[in-house]
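Below is one structure, written out as structure tokens, with a few remarks after it.
Every read-out reported here was derived from the displayed coordinates using simple, explicitly stated rules and does not represent laboratory data. Please read all numbers here as calculations on a predicted model, not as lab measurements. Note: ideal-geometry Cβ built from the backbone for every residue, glycine included; neighbour counts use all protein chains shown.
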Amino acid sequence: MKLFSESCEENKLPLLSILKKEFSAAHTILEIGSGTGQHAVFFATELPHLLWQPSDVVSNHASIITWTNDSGIDNVLPPLALDVAQHRWPTATFDGIFSANTVHIMSWQEVTKMFSGIGSVLDNQAKFCLYGPFNEGGHYSSESNARFDQWLKGRDPASGIRDIEALDKLASQQGLQLQNNYEMPVNNRALLWIKQ
């Protein structure tokens, strides 16, 4: 089944401009939470020097595989089964990691485990790019993000928009240093850490 995400379609070009710059020297990218597979196919097509490794829970693999097969490109690997709370992380390491719209739909315990996993598979001097809505200094960046956070918590009280400072604390525990905080359309950010 080939699923479609409107948000992937809307944010792929702004994200591409950042990934072109930040992953210019990278080779193998792990995507955490590949969802439909749209990002994997789009970024791998536009950045042919990268070998893109999608990952997600097994229920999303069929869509990722269908998007990949329909694209005809050969630099997207078969998806890995990865549930940040339950599954072991890959034994391989990566010189780049990307994740979009994930941490606000996870519990804080899952977010913590995700950063721990990232620390175990990210090469030294490699980069991790995290995209989504974030709070800064404990404040919402917009009224629409405040409403979105209320909706998230109504659906799952353990989820919600995360504070950049709290995420950076988790990152620093894994040897990651925040390098860039990019402003993105519709009140989102792209955070870029490098492993020291």
- Which of the residues belonging to region 153-174 are more than 18 Å from the chain's Cα centre (by Cα) and not charged (D, E, K, R)? GLY154, PRO157, ALA158, GLN173
- Task: Give the residues of region 98-124 that are part of a helix (DSSP H, G or I), of a type in the set (A, V, I, L, M, F, W, C) and within 17 Å of PRO157 (Cα to Cα), sorted by residue number.
- Result: VAL103, ILE105, TRP108, VAL111
- Of (1) within 14 Å of MET114 (Cα to Cα); (2) part of a strand (DSSP E or B), LEU170 fails just (2)
- region 27-49 residues that are acidic (Asp, Glu), paired with ones that are crowded, with 22+ Cβ neighbours inside 10 Å and in a helix (DSSP H, G or I) (beta carbon under 9 Å, 6 or more apart): GLU31/HIS39; GLU31/ALA40; GLU31/PHE43; GLU46/LEU19
- Subset of region 26-36 [outside any loop (DSSP other than H, G, I, E, B) and surrounded by fewer than 24 Cβ atoms within 10 Å (Cβ to Cβ)]: THR28
- Message: When you check LYS12 against the structure, is it among the charged types (D, E, K, R), part of a helix (DSSP H, G or I) and crowded, with 16+ Cβ neighbours inside 10 Å, yes or no?
- Response: yes
- Count of region 141-161 residues which are among the aliphatic types (A, V, I, L, M), buried (at least 17 other Cβ atoms within 10 Å of the Cβ) and assigned to a helix (DSSP H, G or I): 1
- Query: Among the residues of region 174-189, which ones are in a strand (DSSP E or B) and within 14 Å of SER7 (Cβ to Cβ)?
  - Reply: MET184, ASN188
- Can you tell me which residue in region 125-140 is farthest from ILE105 (Cα to Cα), limited to those that are surrounded by fewer than 17 Cβ atoms within 10 Å (Cβ to Cβ) and over 19 Å from the mean Cα position of the chain (by Cα)? GLY137
- Matching residues in region 81-97 (surrounded by fewer than 18 Cβ atoms within 10 Å (Cβ to Cβ) and in a strand (DSSP E or B)) number 1
- Task: Kindly indicate which of GLU46, GLU22 is under 20 Å from ASN101 (Cβ atoms), of a type in the set (D, E, K, R) and out of contact with any helix residue (DSSP H, G or I) (no Cβ under 6 Å at 6 or more places or on another chain).
- Result: GLU22
- Query: Which of the residues that make up region 37-65 are surrounded by fewer than 22 Cβ atoms within 10 Å (Cβ to Cβ) and β-branched (Val, Ile, Thr)?
  - Reply: THR45, VAL57, VAL58, ILE65
